[in-house]
Amino acid sequence: MTPDSLRAALRGVPDPDWLDTALRRVTTEPTAITRLFPAAGRRCGRGPLPDLPGWTADDAARVLLLTALPGDHAAYADSLYQHGDAAERRAVLRALPLLPIGAAGMPLLHDAIRTNDTRLVAAALGPYARHLDPAAWRQAVLKCVFSGVPLAAVADLDTRADGELAAMLAALAAERHAAGRDLPADATDLLDRLTAALPREA
């Protein structure tokens with residue numbers, strides 16, 4: 001995902017002039033983002049973007065506003081997240097991998113993963129989750145399974161999943177089986193793939 005691809009996906013927004021003006025505004029007056037960020041849903045719409053599955057127009061517009069800032073990205077991301085509603089928080093999480101902030105956004109990621117809002121959990125497990133250490137990442141994947149977040153939302157799942165995650169999923173599957181319940185299909189598929197990849201005991 002890049003700012004250019006977001007701009008292209010937003011070519012049909014209801015008020016493109018507002019978005020262009022807002023983006024120029026934050027480059028010269030960064031504090032204006034505190035007013036423009038919440039307004040993006042009303043001015044750009046909240047509908048899904050056909051070219052970006054899983055994204056809405058307000059998501060993309062808000063991410064662009066954050067990337068347009070000339071500096072202090074981490075501070076603004078933190079403030080907008082802390083004071084935002086669920087949609088605004090999701091946009092901040094989606095913006096993190098596009099901002100030059102290194103691991104400074106990790107507190108927001110941990111906060112989102114602790115919530116019961118599946119939209120925030122899914123957004124937190126996007127590309128920026130590469131900053132999670134392996135143990136925290138495995139727990140976050142299990143949180144997805146528990147809360148019904150599709151594992152397709154987890155970036156780098158196939159490259160990061162390992163034997164320890166397989167063991168955790170197997171234990172969860174056993175618990176669910178004992179209770180007469182099954183793992184979600186995508187978690188079962190992942191467990192099967194991981195199990196097949198593990199070395200066989202002699």
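Among the residues of the stretch 118-143, count how many are part of a loop (DSSP other than H, G, I, E, B) and surrounded by fewer than 16 Cβ atoms within 10 Å (Cβ to Cβ).
Of all residues in the stretch 118-143, those part of a loop (DSSP other than H, G, I, E, B) come to 125-126, 132-133.
Cutting the leftovers down to surrounded by fewer than 16 Cβ atoms within 10 Å (Cβ to Cβ) gives us 133.
Residues meeting the conditions: 1.
I'm trying to understand the selection: among the residues of the stretch 1-24, which are buried (at least 17 other Cβ atoms within 10 Å of the Cβ) and without any contact (Cβ under 8 Å) to a residue 40 or more places away in the chain? Passing the criteria: only W18. Total residues in the stretch 144-172 satisfying the condition of being farther than 22 Å from W55 by Cβ and part of a loop (DSSP other than H, G, I, E, B): the figure is 2.
Please go through the stretch 144-188 and pick out each residue that is loosely packed, with under 13 Cβ neighbours inside 10 Å and of a type outside the set (A, V, I, L, M, F, W, C). Hits for the stretch 144-188 are G148, D158, T159, G163, E164, E175, H177, G180, R181, D182.
Checking the condition surrounded by 15 or more Cβ atoms within 10 Å (Cβ to Cβ), assigned by the TED database to the domain that holds P48 and touching a His at 6+ places or on another chain (Cβ under 9 Å), which residue from A74, A95 passes? Can you show your working first?
On the way: A74 fails: touching a His at 6+ places or on another chain (Cβ under 9 Å).
Of the residues listed, the single one that is surrounded by 15 or more Cβ atoms within 10 Å (Cβ to Cβ), assigned by the TED database to the domain that holds P48 and touching a His at 6+ places or on another chain (Cβ under 9 Å) is A95.
The values are calculated or read from the model by the stated rules, or taken from the named source; none is laboratory data. This is a predicted model, so every value here is computed, not measured. Because the Cβ atoms are built from the backbone with ideal geometry, glycine has one as well, and the counts that use them run over all protein chains shown.
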